[in-house]
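Each value in this text was obtained by applying a stated rule to the coordinates, not by laboratory testing. Predicted, not measured: the structure shown is a model, and the values here were computed from it. Cβ placement follows ideal geometry from the backbone for every residue including glycine, while neighbour counts extend to all protein chains displayed.
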């Protein structure tokens with residue numbers, strides 16, 4: 001590998017290793033504390049709905065962090081905003097550890113999420129600046145592939161931390177992870193020289209992005225596919241928000257069983273993008289959307305029929321939804337980001353923002369006063385499938401899915 005932006009303290013592999021370690025440590029913030037939710041609910045004396053505001057806040061404010069990170073780093077350079085975002089993440093994590101009530105916890109989780117979103121956006125830009133050609137392809141592949149290790153390991157590590165140190169130990173770990181990440185980030189040199197920085201103000205960049213987003217949304221196929229990507233994720237993120245309650249409280253399972261179920265479902269999500277790669281050689285976008293509608297309908301039926309009968313049945317019933325979400329997400333990104341160069345940034349910002357906002361809403365819907373959370377998942381699954389069918393008929397079945405006029409290939 002070769003660097004296109006020289007590093008004073010790190011070589012090509014060392015720079016990438018730092019980016020990978022930082023990303024993996026910080027991505028634990030998404031679901032490391034999920035095993036602790038039942039314990040936190042009892043200790044803080046609140047309902048699951050109130051407590052899940054901590055998860056809603058994370059996804060919602062994380063979406064704004066993604067929007068802020070790119071333009072700010074384009075104007076000020078990468079390193080200073082990157083260090084600031086990681087420092088804020090560490091401070092907010094320790095704030096979560098010391099929180100005396102659920103509203104303090106929500107406030108600090110919001111700051112943690114804002115920092116997390118900014119860090120993720122700037123880290124991607126750092127890697128893009130630092131490499132080019134085949135080195136860039138390899139670096140981006142590793143970054144995207146290894147970022148799923150965190151969520152897969154989170155239930156095991158989170159369960160251990162809860163049992164050994166209580167729920168506050170989880171946030172102490174995240175604060176320490178932020179501190180370690182800050183030290184590693186200090187080793188990185190600036191990758192965006194002053195001559196390449198945005199000359200106008202940050203607000204000018206936002207206005208340009210907003211105008212380009214309006215142009216994208218005028219295309220029915222783009223709007224429909226972007227919404228489908230978010231809607232199909234609703235059951236999956238509702239599952240993340242409630243799985244600990246279902247396994248620990250509803251099924252009375254121990255943390256080992258919970259961790260195994262969580263890890264198995266995460267493994268399906270990890271494999272799903274590779275399933276998409278294989279299927280995409282034989283199936284077009286429309287066919288893949290129909291397949292995922294069928295998978296969602298199957299999962300809904302299984303959850304309603306026997307999802308509440310035990311941990312194994314519940315896990316098997318949810319597998320089709322995890323597979324469908326993992327297929328649609330990379331497929332949608334490939335299609336939606338195939339834009340003329342001036343629209344790529346707007347397409348990326350909008351799709352990431354919309355995805356985060358919809359998944360944040362899913363965490364709230366998941367903890368409504370359902371007869372049981374398994375029932376809630378089945379209902380949300382049915383609603384998601386029905387809405388995807390409507391979006392497919394409205395904007396995918398007959399609309400153009402080739403948004404880049406320079407692209408020769410119309411996606412079938």
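Applying 0.36 nm per residue to the separation of residue 271 and residue 393 and subtracting their alpha-carbon distance, the gain on full extension is 41.1 nm. Over 16 Å, how big is the tail of the calculated P(r) for region 197-327, in percent of all Cα pairs? Cα-Cα pairs of region 197-327 separated by over 16 Å account for 70 percent. Distance distribution P(r), region 1-157, all Cα-Cα pairs, bin width 5 angstrom from 0: 2, 9, 17, 20, 19, 13, 9, 6, 4, 2, 0 percent.
Annotation for region 125-139 versus region 18-84: alpha-carbon center distance of 25 Å.
Per 0.36 nm of contour for each residue apart, how much would the distance between residue 370 and residue 160 grow if the chain were fully extended, relative to their Cα-Cα spacing? Intermediate results must be reported in sequence, preceding the final value.
On the way: separation 210, 0.36 × 210 = 75.60 nm, distance 2.97 nm.
In short, 72.6 nm is gained.
In whole percent, what relative contact order does region 207-401 give with Cα contacts below 8 Å and a gap of six or more residues?
Details: 232 pairs, mean separation 83.8, N = 195.
Contact order relative to length: 43 percent.
Using a 10 Å cut-off around each Cβ, can you sort 281, 79 from fewest to most neighbouring Cβ atoms?
Working: 281 6, 79 18.
Least to most surrounded, the residues fall as 281, 79.
For region 253-362, the relative contact order is 31 percent, taking Cα pairs closer than 8 Å that sit 6 or more residues apart in sequence and dividing their mean separation by the residue count.
When you restrict to C-alpha pairs under 8 Å that are six or more residues apart and normalise by the size of the chain, the relative contact order lands at 24 percent.
Would you mind giving the three semi-axes, in whole Å and largest first, of the ellipsoid equivalent to the chain according to its Cα gyration tensor? Show your work: numbers first, answer last.
Details: eigenvalues 208, 167, 69 Å².
Output for the chain: semi-axes of 32, 29, 19 Å.
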